[in-house]
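Please treat every number below as a calculation from the coordinates, not as lab data. From a predicted model like this one, the values you see are computed outputs, not experimental measurements. Methodologically, a virtual Cβ is constructed for each residue, glycine included, from the backbone with ideal geometry; neighbour enumeration extends over all protein chains shown.
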Amino acid sequence: MNLEAILDGVRADVSGHIGEGKVADYIPALAKVDPSKFGMAIVTVDGDAFTIGDAAEPFSIQSVSKVFTLTLALGRVGEGLWKRVGREPSGTPFNSIVQLEQEHGIPRNPFINAGAIVVADTLLSGHEPRETLGEVLSFMRHISGDEGIVIDREVARSEQQTGFRNAALANYMFSFSNIHNPVEKTLGVYFHQCALSLSCIQLAKAGLFLANNGKLGGSNHSVVSAERARRINALMLTCGHYDASGDFAFRVGLPGKSGVGGGILAIAPGRAAIAVWSPGLNANGNSATGTRALESLARRTGWSIFG
Ligand code: GLN
């Protein structure tokens, strides 16, 4: 398969749509991002990389980080994590609070904000926020093979100053004893993980273990077991795009995780990891043109988990 030619085709398919959608402005630092950016990277399980557009430019990965903190948390606490967070799609927006009261402070899944805050809290236990963030950062550098990955402190600060909803979620869950550390510390970890800054190339490399039976690309080194990689992919498919997860599965047919920075990581099991970035979001807070580009890529490659 000529992935270079396929990417040119994808670019042609989306060229009239670059800049569509609305850049997230509830985090002031993200409102400044140029909406006409567009990049895409494919990294295959053989280690080949193909890119178009702004694929080498770092952007704020935001909620895509939740895939990586979930991976770390499962490594730390194992299946016990599922006592504190569910694994069902929520059918509600990423920052919704409504289900938490009825479900006694147990978030539906690890990819809505409430669930990711619980995951951050499990990573924080027994550590100071600085140490937990150091662990997250070294994990990202290790799995991407790139020591240049950093956290954008301006984005983290910006979110900290305006993160009233996340503070509400965390305080509410604390009242049900589902946050075990001081709320400000747990939120500090969460805001900083969301402020991880990666390019499409770095993000596709970081996600490759999920396409490669849990192993690092081009090596036999396991990040997680094959079973765990499959399960993380299952959660990405069912919950990775919040209340638009069904629509993403229908249009793209691959596990995917979005972030309000306009990035999406998609996994074609056994084949490749794909990262796309286009800052304009649709009404569900997912990249509008990024989704369109993945839809085009899936059609052109025939990659789908549905046969
Ligand atoms: N940091 C963002 C928030 O908590 C992440 C949301 C997202 O990317 N969907 O609101």
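Annotations
- Test: residue in the stretch 87-94 that is under 15 Å from the mean Cα position of the chain (by Cα), in a helix (DSSP H, G or I) and surrounded by 21 or more Cβ atoms within 10 Å (Cβ to Cβ): no
- Subset tally (residues that are assigned to a helix (DSSP H, G or I) and closer than 20 Å to Val224 by Cα) for the stretch 95-118: 1
- Residue in the stretch 228-235 that is touching a residue at least 60 places away in the same chain (Cβ under 8 Å) and within 16 Å of the ligand (Cβ to nearest atom) present: yes
- Entry remark, the stretch 9-40: residues being more than 14 Å from the ligand (Cβ to nearest atom) and farther than 15 Å from Gly290 by Cα number 1 in total.
- Any hit, the stretch 211-218, residues being touching a residue at least 60 places away in the same chain (Cβ under 8 Å), aliphatic (A, V, I, L, M) and away from the ligand (no atom under 16 Å from the Cβ): yes
- Residues in the stretch 162-174 that are more than 10 Å from the ligand (Cβ to nearest atom) and buried (at least 22 other Cβ atoms within 10 Å of the Cβ) were compared, and the one that is farthest from Ala24 (Cα to Cα) is Met173.
- Per the listing Ala156, Ala167, the residue uniquely in a helix (DSSP H, G or I) and touching a Cys at 6+ places or on another chain (Cβ under 8 Å) is Ala156.
- From Ser197, Ser222, residue being surrounded by fewer than 24 Cβ atoms within 10 Å (Cβ to Cβ) and within 16 Å of the ligand (Cβ to nearest atom): Ser197
- Of residues in the stretch 130-161 being of a type outside the set (A, V, I, L, M) and within 16 Å of the ligand (Cβ to nearest atom), the one surrounded by the most Cβ atoms within 10 Å (Cβ to Cβ): Glu159
- In the stretch 227-278, of all residues being among the polar types (S, T, N, Q) and closer than 17 Å to Gly91 by Cβ, the one that is surrounded by the fewest Cβ atoms within 10 Å (Cβ to Cβ) corresponds to Thr238.
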